[in-house]
1. Averaged over its residues, how many other protein chain Cβ atoms are within 10 Å of peptide B:54-66's Cβ atoms?
2. To the nearest whole number, what is the average tally of beta carbon atoms from other chains within 10 Å of the beta carbons of peptide A:36-49?
3. Across peptide B:136-148, what mean number of C-beta atoms from other chains lies inside 10 Å of a residue's C-beta?
4. Suppose each label sits 7 Å from its Cα in the direction of the beta carbon; what would the B:Ala8-B:Ala128 distance come out to in nanometres?
5. What is the spread of the Cα atoms of the stretch B:1-95 along each of their three principal axes, largest first, in whole Å?
6. For the interface of chains A and B, what total accessible area is buried with a 1.4 Å probe, rounded to the nearest 100 Å²?
7. Can you work out the FRET efficiency for the pair B:Ala88 and A:Arg69, with r the C-beta to C-beta distance and R0 = 25 Å, to the nearest 0.05?
8. Using alpha-carbon positions, what is the distance between the centroids of the stretch B:116-132 and the stretch A:51-82, in Å?
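The values are calculated or read from the model by the stated rules, or taken from the named source; none is laboratory data. What you see is a predicted model, and the numbers here were worked out from it, not measured in a lab. Every residue, glycine as well, gets a Cβ built from its backbone with ideal geometry; the counts of neighbours run over all protein chains shown. Remember, those area values only see protein heavy atoms, side chains included, never the ligands or the DNA or RNA. Shrake-Rupley method; radii C 1.70, N 1.55, O 1.52, S 1.80 Å.
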Amino acid sequence: MTTRDPRDPTDPGGPAADGDDDAAADFATWLRSELTPVTTTPLRAADVRQRAHAELRRAATPPAVRARRHVLRLAETSTALAAGVSYVLWTINELWRR
Amino acid sequence: MDPSQERALVGRLRAGERDAFDEVYEWLRDRVLRFLVRLSNRRDLADDLAQEVWLRLARSAPQLAPDTRLTAWLFTVARNLYVSHWRARRVAEQLAGDLLPPAPPAPSPFDDAAHSQTSARVERALAALPDAYREIVLLCAVEGLAPREAADILGIKPEAARQRLARARAMIEATIDPARRYAGGDPS
């Protein structure tokens, strides 16, 4: 019950119509005291942090820079592919001439 | 955390600061996880969904509005992810048709870990609530959100949230031994 303004009767999220705010607060306190604590395991937390940091880096990279990197990667792959095809053709040619 | 501090934290998140993410994560990670564990009644699923919530925060950091309330944002994403998962599962079960026998009701994941008999009963009572009631109890009574904030997260009117909360409270109280209820203190 953090942001509610108990003085504002027009606030629909504010004071209870049936005046049971105290009972609701008692219930919440009691419920919280009875519930079993839940914690994130250190291993999972470290994993999430690592992945989130990578996502943050990615999200902070401008789209133009990301697109340029993608095109460069494609170009590198194409060059490597072209070199591979040339080598195979050259090898076939050499074998044919023998 | 007061609103001005939260605003500053959101500003640093928008700038992609890793320290800001770590601060938010330390602050709210267990709250998001316990919300999901009790919403889904499954620890493994809750761990996966919670991870996705945090990755979404990292992905969306540059687009966050400067006045974003992080608690509400994270609980909204967590709930939406759970609802999406539940819908996908329901579709898969419908496709499977009569091939699968009906699943037995899932026990609360806290059955073995509860620190007292009352605690175990409370966990079971919470797990047995219909989703619509469980989520309002989790948001308001457990996480301390105002009914108005919870209503925003759930996409309902504040008055409806208050009514749901009152009904959910009555349902839990009805299943707990009156002698062990909060009003008179817990003798266990």
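1. Mean shielding by partner chains, rounded to a whole number: 4.
2. Other-chain Cβ atoms within 10 Å of each residue's Cβ, averaged: 6.
3. What the average comes to for B:136-148 is 5.
4. Computed distance between label sites B:Ala8 and B:Ala128 equals 4.8 nm.
5. Dimensions of the stretch B:1-95 along the principal axes of its Cα atoms: 47, 23, 20 Å.
6. 4200 Å²
7. Between B:Ala88 and A:Arg69 the formula returns 0.15.
8. For the stretch B:116-132 versus the stretch A:51-82, the Cα centre distance is 49 Å.
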